[in-house]
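Shown next, in structure tokens, is the structure this report addresses.
The values are calculated or read from the model by the stated rules, or taken from the named source; none is laboratory data. Since we're looking at a predicted model, the values are computed, not measured. No Cβ is skipped: glycine too gets one built from the backbone with ideal geometry, and neighbour counts run over all protein chains shown. For the accessible areas, the whole protein counts, side chains as well, though only heavy atoms, and no ligand, DNA or RNA atoms are used. Shrake-Rupley method; radii C 1.70, N 1.55, O 1.52, S 1.80 Å.
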Amino acid sequence: MKVIIELFGASRDFSNQNLLELDVANDSTIKDVRNKILDYLNINFKGNENFIKIVHSSAFCSNDNIISDNYKITNNEKIAIIPPIGGG
């Protein structure tokens with residue numbers, strides 16, 4: 001299934017658009033999406049350590065609600081990645 005990741009803050013450097021479109025397996029969770037983003041970064045940015053830190057420390061949200069790593073994603077759902085502000 002397809003999931004759209006809206007990029008905010010420092011994560012906007014992950015793409016020349018403000019989003020990433022990823023294909024994930026049915027019944028995928030935010031943890032799976034986090035790993036898929038890391039795979040994307042390894043392929044496209046040769047494992048940029050700063051980008052990897054951003055993904056590990058970011059929160060994700062859907063419909064203006066923070067969601068946990070075990071949140072199940074639906075097809076074509078828009079998920080936002082919210083990096084920490086000020087390094088925190």
In the range 49-63, how many residues are exposed (fewer than 15 other Cβ atoms within 10 Å of the Cβ) and of a type in the set (Gly, Ala, Ser)? 2
What pairs come out if I take residues in the range 29-51 that are of a type in the set (S, T, N, Q) and pair them with residues that are open to solvent by less than 70 Å² (accessible area, probe 1.4 Å) and in a helix (DSSP H, G or I) whose C-beta lies under 7 Å away, six or more apart or interchain? ASN48/LEU41
Among (1) closer than 17 Å to MET1 by Cβ; (2) open to solvent by less than 50 Å² (accessible area, probe 1.4 Å); (3) aliphatic (A, V, I, L, M), the one test that LEU19 misses: (2)
From the options LYS31, LYS36, residue that is charged (D, E, K, R), at pLDDT 95 or above and in contact with a strand residue (DSSP E or B) (Cβ under 9 Å, 6 or more places away or on another chain): LYS36
Report yes if some residue within the range 57-70 is among the polar types (S, T, N, Q) and in contact with an Asp or Glu (Cβ under 8 Å, 6 or more places away or on another chain); otherwise report no. yes
Which residue, of ILE66, ILE79, is hydrophobic (A, V, I, L, M, F, W, C), surrounded by 11 or more Cβ atoms within 10 Å (Cβ to Cβ) and without any contact (Cβ under 8 Å) to a residue 24 or more places away in the chain? ILE66
From (1) without any contact (Cβ under 8 Å) to a residue 60 or more places away in the chain; (2) open to solvent by 50 Å² or more (accessible area, probe 1.4 Å); (3) at positive phi, pick out the condition that doesn't hold for GLY9. (1)
Complete set of residues in the range 22-39 that are over 10 Å from the mean Cα position of the chain (by Cα) and open to solvent by less than 70 Å² (accessible area, probe 1.4 Å): VAL24, ALA25, SER28, THR29
Note: among ASN44, ASN63, just one is closer than 23 Å to ASN16 by Cβ and not hydroxyl-bearing (Ser, Thr, Tyr), namely ASN44
